[in-house]
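Notes for the one structure printed next.
The values are calculated or read from the model by the stated rules, or taken from the named source; none is laboratory data. Because the structure is predicted, anything quoted here is derived from the model rather than measured. Note that each Cβ is placed from the backbone with ideal geometry, even for glycine, and that neighbours are counted across all protein chains shown.
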Amino acid sequence: MLVKQISVFLENKSGRLAEVTRILGNNNIDISALSIADTTDFGILRLIVNDPETAEKVLKDNGFTVSCCDVIAISVPDKPGGLAKVLSVLEPESIGIEYLYAFVGKAENEALVILRIDSPEKAVELLEKAGVKVLDSKTVYKL
């Protein structure tokens, strides 16, 4: 139930993000979700794509610093308190959330969220036990 996320380190200069997206597009890599966090000198672009292994390879081949990690994709009710209810499953077990971001998907009345968690396997087990819809990688890569 874990999903591969690609992280790309980018210098804060014009055109770098465009270059990444162009390389991915030229290699038939479809982006389902992305998040970018920046500092004065660099940014971290986090991506969920349909083919993470190829994305990692082509970006490295083009001189980008790239890493890959496991994240969890969940579906939460798209209503006030929906995310809070899901996160309350993890809180009693002291499972830390490093970061999260939402993404666009084809789910009606649901918000789709990516979580980077310090104990992903345990988190998946707890979330599923609580009735939270945890998406598998095949589903996410097709969104």
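Structure notes:
- Screening Val86 against (1) touching a helix residue (DSSP H, G or I) at 6+ places or on another chain (Cβ under 9 Å); (2) β-branched (Val, Ile, Thr); (3) not assigned by TED's automatic domain parsing to the domain that holds Ser137 leaves a single unmet condition, (3).
- Meets criteria (assigned to a loop (DSSP other than H, G, I, E, B) and of a type in the set (Lys, Arg)) for Lys79: yes
- Scanning segment 122-139 for residues that are of a type outside the set (Ser, Thr, Tyr) and in contact with a Leu (Cβ under 8 Å, 6 or more places away or on another chain) yields Ala123, Val124, Leu126, Leu127, Val134, Leu135.
- Residue selected from segment 20-29 under the condition of a type outside the set (S, T, N, Q) and touching a residue at least 24 places away in the same chain (Cβ under 8 Å), by the criterion nearest to Ala73 (Cα to Cα): Ile29
- Within the span defined as segment 106-113, one or more residues are in a loop (DSSP other than H, G, I, E, B) and among the aliphatic types (A, V, I, L, M).
- Residue in segment 82-96 that is among the small types (Gly, Ala, Ser), touching an Asp or Glu at 6+ places or on another chain (Cβ under 7 Å) and part of a strand (DSSP E or B) present: no
- Annotation for segment 58-67: no member residue is at pLDDT below 90 and assigned to a loop (DSSP other than H, G, I, E, B).
- Considering segment 22-43, the residues that are hydroxyl-bearing (Ser, Thr, Tyr) and more than 17 Å from Phe103 (Cα to Cα) include one that is surrounded by the most Cβ atoms within 10 Å (Cβ to Cβ), namely Thr39.
- Filtering segment 109-125 to residues that are crowded, with 18+ Cβ neighbours inside 10 Å and not β-branched (Val, Ile, Thr) leaves Ala111, Leu112, Leu115, Arg116, Pro120, Ala123.
- Glu128 being at pLDDT 90 or above, at negative phi and either in a helix (DSSP H, G or I) or surrounded by fewer than 18 Cβ atoms within 10 Å (Cβ to Cβ) (or both): yes
- From Ser88, Ser67, residue being surrounded by fewer than 14 Cβ atoms within 10 Å (Cβ to Cβ), among the hydroxyl-bearing types (Ser, Thr, Tyr) and farther than 16 Å from Gln5 by Cα: Ser88
- Answer residue from segment 7-21, given it is β-branched (Val, Ile, Thr) and part of a helix (DSSP H, G or I) and is surrounded by the fewest Cβ atoms within 10 Å (Cβ to Cβ) among those: Thr21
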